[in-house]
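Worksheet: one structure, shown below.
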Amino acid sequence: MPPLLAIGVLAGAGVLARKKAMDRESPGENPAGIVSPSRSPHAPDDAEPVDPNAYFPEPPEDKKWSPPLKSALQGIFRERNEAARSKLLQQTAEAIPPTDFPDVLSYLREFDREDVASNLTADLANRLMERWAAADLKGLSDWAAKSPPGTLRDDAISCVIQETASKDAAAAEAWARTLPDPETRTSALRDLAQHQTIEHPETALRLLKDLPSDPDDLETNAQISLAASNWAHDHPEDATRWVGQLEDSPMKTEALAGIAISMAEKNPAEAAAFAVDKMPACQRQSDTVVGVVQLWAQQDPLKAADWVADFPAGAMKDSASRTLVAIWSQTAPDKAGAWLKQQVAK
């Protein structure tokens, strides 16, 4: 029996075996969380049975992998145990020979929608791409570059970036810049920047500096802040000098925030002064000062209290005071309460 067909049979058999075990349980008990294989995994108990065929369109009839793959997917679809489902997905991915990767991924592209079947096939597709990248990175790179827009192509490009960057970040950047579609190219470079954030934060910031910016993009903002913080942790002078040369922009503000938080781990007083002096007056500055005070209050609440007390009245001082008192009260509630009364009386 072909490996893929065997997996499909095993998947169905496993579900039926668990179904029989469930039938022996008393009514209402279902400790394993298994549902009847005739029902959708996300359907309520009283829902009408559904046909798994409705979730899996017919694959190409002229491909040997078509019937066993569809059978395997249906068995995985019925499986409710997450560990068993993951095992079946991995077995299915490993049973597909590399020569069939392009065709199978093209079939899985049909599931680019929001439902449980799409989630399963996306998982399978990513497992296949990992195998393909390990065995023939150029093959996956070529396939990704030529694929039509969609989630599967984005995942393939991300896989290529991760695999290439783990060996040669410069080669990953060079490949990303060859992608013809501007939006896809930008996405690939963002993936590369994310990959470099921990070990090579200066590279991550350089990449992000040249990409289109969106001040409301919380994910990118967090990435900028983290990269700057990581760089400042080991090389604070280099990080501060590089960020200081940037033009005033949301990216510069985020990078300064990251540096300030990194400084706060060793010298919160210096970090607080840095945030006040170097950052522009904005909500991000206020949030950073509060973050520094939070770390400071854990290390030396009395000095943090003296600094907050001398700060000009306003929303930033109010936020910092609340944060200080909340943390200080956990170890010295009487002192925190007395300090707060003094501030109110002023």
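The values are calculated or read from the model by the stated rules, or taken from the named source; none is laboratory data. Nothing here was measured: the structure is a model prediction, and the numbers come from that model. For neighbour counting, all protein chains shown are included, and Cβ atoms are generated from backbone atoms with ideal geometry for every residue, glycine included.
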Failed criterion for Pro148 (all others in (1) closer than 24 Å to Ser66 by Cα; (2) in a helix (DSSP H, G or I) hold): (2)
Selection count, segment 217-243, where residues are out of contact with any Leu (no Cβ under 9 Å at 6 or more places or on another chain), among the hydrophobic types (A, V, I, L, M, F, W, C) and more than 20 Å from Asp191 (Cβ to Cβ): 1
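Scan Ala332, Ala315, Ala320, Ala326 and give me the residue that is among the aliphatic types (A, V, I, L, M), touching a helix residue (DSSP H, G or I) at 6+ places or on another chain (Cβ under 9 Å) and crowded, with 19+ Cβ neighbours inside 10 Å. Before you say what the answer is, go through the steps one by one.
Numbers: Ala332 fails: crowded, with 19+ Cβ neighbours inside 10 Å; Ala315 fails: crowded, with 19+ Cβ neighbours inside 10 Å; Ala326 fails: crowded, with 19+ Cβ neighbours inside 10 Å.
So the residue among Ala332, Ala315, Ala320, Ala326 that is among the aliphatic types (A, V, I, L, M), touching a helix residue (DSSP H, G or I) at 6+ places or on another chain (Cβ under 9 Å) and crowded, with 19+ Cβ neighbours inside 10 Å is Ala320.
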Residue satisfying condition, being more than 22 Å from the chain's Cα centre (by Cα), at negative phi and either in a helix (DSSP H, G or I) or at pLDDT 90 or above (or both), within set Leu88, Leu120, Leu124: Leu88
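Restricting attention to segment 198-234, report how many residues are free of Cβ contacts under 8 Å to residues at least 40 places away in the same chain and more than 18 Å from Met263 (Cα to Cα). Steps first, please.
Taking segment 198-234 as the starting set, the residues that turn out to be free of Cβ contacts under 8 Å to residues at least 40 places away in the same chain are 198-201, 203-204, 206-207, 210-234.
Filter once more, keeping what is more than 18 Å from Met263 (Cα to Cα): 199-200, 203-204, 206-207, 210-221.
Here the count works out to 18.
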Enumeration of residues in segment 180-203 that are at pLDDT 95 or above and over 19 Å from the mean Cα position of the chain (by Cα): Glu202, Thr203
Contacts under 8 angstrom Cβ, first residue in segment 80-98 being within 14 Å of Leu128 (Cβ to Cβ), partner among the acidic types (Asp, Glu) and assigned to a helix (DSSP H, G or I), 6 or more apart: Leu89/Asp123
Pairs with Cβ under 8 Å, 6+ apart, first in segment 313-327 and assigned by TED's automatic domain parsing to the domain that holds Gln342 and under 18 Å from Asp300 (Cβ atoms), second of a type outside the set (D, E, K, R) and outside any helix (DSSP H, G or I): Ala320/Phe311
When residues of segment 280-300 are limited to those that are over 27 Å from the mean Cα position of the chain (by Cα) and among the aliphatic types (A, V, I, L, M), the one surrounded by the most Cβ atoms within 10 Å (Cβ to Cβ): Val293
Failed criterion for Thr240 (all others in (1) modelled with pLDDT of 90 or more; (2) of a type in the set (S, T, N, Q); (3) within 22 Å of the chain's Cα centre (by Cα) hold): (3)
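Quick grid of which residues meet (1) touching a Phe, Trp or Tyr at 6+ places or on another chain (Cβ under 7 Å); (2) surrounded by fewer than 20 Cβ atoms within 10 Å (Cβ to Cβ); (3) of a type in the set (Phe, Trp, Tyr):
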| site | (1), (2), (3) |
| --- | --- |
| Leu124 | no, no, no |
| Lys138 | no, yes, no |
| Ala145 | no, yes, no |
| Thr164 | yes, no, no |
| Lys167 | no, yes, no |
| Glu173 | no, no, no |
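Residue-wise test of (1) in a loop (DSSP other than H, G, I, E, B); (2) surrounded by fewer than 24 Cβ atoms within 10 Å (Cβ to Cβ).
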site: Leu189; (1), (2): no, yes
site: Glu199; (1), (2): yes, yes
site: Leu205; (1), (2): no, no
site: Pro215; (1), (2): yes, yes
Flag if Gly150 is at pLDDT below 95, farther than 26 Å from Ile198 by Cβ and either buried (at least 17 other Cβ atoms within 10 Å of the Cβ) or outside the structural domain of Ile76 (by TED's automatic domain parsing) (or both): yes
Number of the exception - Gln330 against (1) within 17 Å of Ala273 (Cα to Cα); (2) not in a helix (DSSP H, G or I): (1)
Counted residues, segment 208-226 - those being at pLDDT 95 or above and under 25 Å from Pro148 (Cα atoms): 0
